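Structure record follows, encoded as structure tokens.
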Amino acid sequence: MTTTTDKQAIEDALAASWAELDPNHTSLCLSCRELFLVRRPDGSASMTCPKCGAGPGIDCAKALATHVQYRKDVEAKALQDEIDAATAAAPQSKPPLLDDVIGNAPAVLQIRTALDGFRFVLNQPSAPKWLPFPHTVISSPGGLGKSMLASIIARELKRKLHLQMGQTLKTPAKVAEALLALRPGDILFIEECHDMPNTAQEALYLAMEDGILIPVTKAGTALAKPVKVAPFTLIGATTDAFRLLPSMRQRFQHHVQLSRLSPEELSKAMAQRAERSGWSVVPWAIEMIGERALGTPRLAITLLNECMTTANASGGREIDPETVRRTCEVWQIDSLGLDRVARQYLQILGDSGGGPVRLNVIASKLDGLNRITIERNIEPNLVYLGLIDKQANGRVLTQAGREHLQKESQCE
């Protein structure tokens with residue numbers, strides 16, 4: 001049984017937590033109906049009314065939980081207001097639509113066809129108002145615009161987009177938390193969905209197909225009856241769809257594969273971006289950026305922003321070839337867009353005498369990078385450029401790779 005002393009201690013602990021969250025918080029005494037400050041003038045905190053001595057008439061833990069949630073909602077709204085204000089003030093404040101996407105014509109056509117077909121079904125008299133768009137997985141190397149396409153799909157459909165990272169959805173409970181926050185027709189976008197553990201993927205694909213969640217313990221034992229979830233759309237983004245469980249992968253109706261952009265496509269996209277930002281760009285300079293972006297929009301945007309910084313450092317508002325050259329020199333980017341580590345990788349192969357070099361040997365000489373990091377982040381660009389050949393007994397430099405090393409050594 002809880003004594004009066006214990007009850008007061010609980011109330012005082014609640015008051016201290018409450019006052020920490022909001023120093024100016026006031027509570028209403030249910031006895032005398034007077035408002036009073038939870039934090040007293042002497043710095044202590046109590047839920048007991050100083051006028052009549054009555055304690056709170058509500059459950060302390062519930063009161064604290066309610067107030068914590070309220071504070072979270074207030075802070076989240078304030079943060080969203082800041083983001084909205086910054087977005088509205090930005091030169092590129094108009095969100096892109098599908099017509100604004102440059103490159104990846106096959107993928108854009110697939111999405112456009114899927115959207116048009118869905119709109120036709122949605123316009124049928126018998127269609128539910130919040131009919132979910134079919135589950136979609138978007139695959140590509142990093143930086144090609146998977147997140148942008150997910151936001152475009154949500155914008156075209158006028159549906160709310162909820163973002164989650166695959167690394168954070170580690171358990172069925174986390175999956176349930178994400179799904180139960182959705183309303184009918186909402187879109188759940190999971191970045192790097194292949195990083196979800198198998199148990200989390202299993203919980204998710206049951207909800208994708210059957211619209212149910214089965215609450216389970218950590219050991220996998222069912223806790224209660226299945227829980228119905230709101231009809232939703234899952235858009236998964238992954239660098240490798242085959243790292244998903246087959247049962248998960250098969251539940252996506254639309255499979256969209258993005259490819260790297262050509263230098264011309266990247267140049268066009270960056271020219272538009274610079275123009276929206278109020279910058280003047282010499283055509284040759286924007287072509288240099290496109291040629292050094294490794295076919296990746298994210299890298300092109302990063303290089304463009306660094307060129308803007310370099311121009312600002314000189315007090316200018318124009319990006320010319322000299323600005324691009326100086327920027328690449330500062331950030332150690334060569335004529336193909338390779339950074340210092342990638343060039344070091346090539347040099348290791350170049351110094352091997354032409355024979356294959358095993359990946360573990362390369363890793364030991366690359367600042368201690370592990371094999372997985374090299375395979376996922378360095379080698380794809382080198383293979384894309386045709387500079388290396390991956391063989392069963394190691395990596396070898398191609399003729400193009402040797403020519404690039406020789407060209408860069410002459411420029412130093």
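Condition (residue is on the phi > 0 side of the Ramachandran plot and without any contact (Cβ under 8 Å) to a residue 24 or more places away in the chain) applied to segment 343-351: is it met by at least one residue? No. Cβ-Cβ distances below 7 Å connect no pair with a first residue in segment 168-181 that is at pLDDT 90 or above, a second residue that is surrounded by fewer than 16 Cβ atoms within 10 Å (Cβ to Cβ) and aliphatic (A, V, I, L, M), and a separation of six or more residues or different chains.
Scan segment 372-383 for residues that are surrounded by 15 or more Cβ atoms within 10 Å (Cβ to Cβ) and either without any contact (Cβ under 8 Å) to a residue 40 or more places away in the chain or out of contact with any strand residue (DSSP E or B) (no Cβ under 6 Å at 6 or more places or on another chain) (or both) and report the count.
Qualifying residue count, segment 372-383: 5.
Name the one entry in GLY295, GLY290, GLY355 that is surrounded by fewer than 16 Cβ atoms within 10 Å (Cβ to Cβ), not hydrophobic (A, V, I, L, M, F, W, C) and not assigned by TED's automatic domain parsing to the domain that holds LEU149. Talk me through it step by step, then tell me what you get.
Details: GLY295 fails: surrounded by fewer than 16 Cβ atoms within 10 Å (Cβ to Cβ); GLY290 fails: surrounded by fewer than 16 Cβ atoms within 10 Å (Cβ to Cβ).
None of the others qualify; the one that does is GLY355.
Taking the conditions (1) over 19 Å from ASP186 (Cβ atoms); (2) among the aliphatic types (A, V, I, L, M); (3) touching a His at 6+ places or on another chain (Cβ under 9 Å) in turn, VAL137 satisfies each one other than (1). Looking only at residues in segment 112-134 that are touching a residue at least 40 places away in the same chain (Cβ under 8 Å) and either in contact with a His (Cβ under 8 Å, 6 or more places away or on another chain) or among the acidic types (Asp, Glu) (or both), the one that is nearest to ILE301 (Cα to Cα) is ALA114.
Is it the case that some residue within segment 361-369 is among the aliphatic types (A, V, I, L, M) and either within 26 Å of LEU258 (Cβ to Cβ) or under 26 Å from the mean Cα position of the chain (by Cα) (or both)? Spell out how you get there, then give the answer.
The first filter runs over segment 361-369 and keeps only residues among the aliphatic types (A, V, I, L, M), leaving 361-363, 366, 369.
Narrowing further to those that are either within 26 Å of LEU258 (Cβ to Cβ) or under 26 Å from the mean Cα position of the chain (by Cα) (or both): 369.
Yes, that holds for at least one residue.
Restricting the search to helices (runs of 4 or more DSSP H) fully inside segment 237-328 and requiring at least 2 residues that are free of Cβ contacts under 8 Å to residues at least 24 places away in the same chain gives 263-276, 297-313. Restricting attention to segment 143-160, the residues being surrounded by fewer than 21 Cβ atoms within 10 Å (Cβ to Cβ) and out of contact with any Ser or Thr (no Cβ under 6 Å at 6 or more places or on another chain) number 10.
Can you pull out the residues in segment 313-331 that are surrounded by 20 or more Cβ atoms within 10 Å (Cβ to Cβ) and in contact with a strand residue (DSSP E or B) (Cβ under 8 Å, 6 or more places away or on another chain)?
If we filter segment 313-331 for residues that are surrounded by 20 or more Cβ atoms within 10 Å (Cβ to Cβ), which is where we start, we get 319, 323-324, 327-328.
Across segment 313-331, the qualifying residue is only ILE319.
Of all residues in segment 258-267, none satisfies being out of contact with any strand residue (DSSP E or B) (no Cβ under 9 Å at 6 or more places or on another chain) and over 22 Å from PRO106 (Cα atoms).
The values are calculated or read from the model by the stated rules, or taken from the named source; none is laboratory data. No experiment lies behind these values; they were computed from the predicted model shown. Cβ: placed from backbone, ideal geometry, glycine included. Neighbour counts: every protein chain shown.
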